[in-house]
Structure formats: structure tokens, C-alpha cells
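Enquirer: One structure follows; several queries about it will come next.
The values are calculated or read from the model by the stated rules, or taken from the named source; none is laboratory data. Predicted, not measured: the structure shown is a model, and the values here were computed from it. Quick reminder, even Gly has a Cβ in these numbers, built from the backbone with ideal geometry, and neighbours come from all protein chains shown.
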Amino acid sequence: MSREYTQKEVQEKFLSHCWMMVKYWAREKREPKAEDKLEGLMHSFLSLLDGCVMEMPAFEIIPKPHPTDKEFHISEGSNYYKPFDLPEDAVTVHGNDILNDMMHQFGRDNGYIK
């Protein structure tokens, strides 16, 4: 029976695909310069966010400032990001987790990428 992906499933699919892109561009032989590979990797990440990956939709990136940021920046006379409140049941890639702490759960050392 069909159902919505859970928060953890969305994170797993997203991070696993990111690792797949890293491995692809690490092995790419057509362009020997590191900068060309990094540009290709960046393009792949942006394509993922744009929804150009067949098995995943586009993903929005929104600012999520700390609750005190607006007040602080106003007191400093600097610009601030407008807070955006997601619905309580929203499923996102971030999911209030620290993605850079989670990335290795889905990497080459855990059987996701070969």
C-alpha cells in the first residue's frame, strides 16, 4: 500500500544520493582537473535540489534563523533573514537534525555506496 515517506526515509534517500554523486565525480575520468570535477559535483547537487533526479522531487531551501537572530541584527543595524515557520508535520531533508553529523551514516563505510 502506498504511503508518504517518513522523515528518516527522506533523509536517507537524499544523503545516499549525495554520496552516490560524490563517488561518481571521484571516479569521473573525462575531465582530469579537480576544479572540473567539483563543478560537476556542484551541478549534480543543484540538479538534485531542482528535482532533476528521477526518483526524487525538487527540494526547497529556506532560511531557518535562530529565534534571536532578528532582534540581534536589528540592534546591530544589519539585515536579517525572515523566519519561515513550517507546518508541524512537514517532512524535510533537514528535519531539525544536523546533516553533517548524519552524512557518514549513509556513506561508503556503511554499505550504501560501493
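Enquirer: Any residue at all in segment 92-102 that's in contact (Cβ under 8 Å) with a residue 60 or more places away in the chain, surrounded by 11 or more Cβ atoms within 10 Å (Cβ to Cβ), part of a helix (DSSP H, G or I) and within 12 Å of the chain's Cα centre (by Cα)?
Expert: yes
Enquirer: Give just the number: which of (1) of a type outside the set (Lys, Arg); (2) touching a Cys at 6+ places or on another chain (Cβ under 9 Å); (3) surrounded by 11 or more Cβ atoms within 10 Å (Cβ to Cβ) does residue 36 not satisfy?
Expert: With (1) of a type outside the set (Lys, Arg); (2) touching a Cys at 6+ places or on another chain (Cβ under 9 Å); (3) surrounded by 11 or more Cβ atoms within 10 Å (Cβ to Cβ) applied to residue 36, the lone miss is (2).
Enquirer: With 39, 55 as the choices, which residue is acidic (Asp, Glu) and touching a residue at least 40 places away in the same chain (Cβ under 8 Å)?
Expert: 55
Enquirer: When only residues in segment 23-69 that are of a type in the set (Ser, Thr, Tyr) and part of a helix (DSSP H, G or I) count, which is modelled with the lowest pLDDT?
Expert: Result: 24.
Enquirer: Considering each residue of segment 74-91, count those that are surrounded by 11 or more Cβ atoms within 10 Å (Cβ to Cβ), in a loop (DSSP other than H, G, I, E, B) and not hydroxyl-bearing (Ser, Thr, Tyr), and give that number. Talk me through it step by step, then tell me what you get.
Expert: Within segment 74-91, the first condition is being surrounded by 11 or more Cβ atoms within 10 Å (Cβ to Cβ), and the residues that meet it are 74, 80-81, 83, 86, 91.
From what is left, the residues that are in a loop (DSSP other than H, G, I, E, B) are 80-81, 83, 86, 91.
Subsequent filtering for residues that are not hydroxyl-bearing (Ser, Thr, Tyr) retains 83, 86, 91.
Residues flagged as surrounded by 11 or more Cβ atoms within 10 Å (Cβ to Cβ), in a loop (DSSP other than H, G, I, E, B) and not hydroxyl-bearing (Ser, Thr, Tyr) within segment 74-91 amount to 3.
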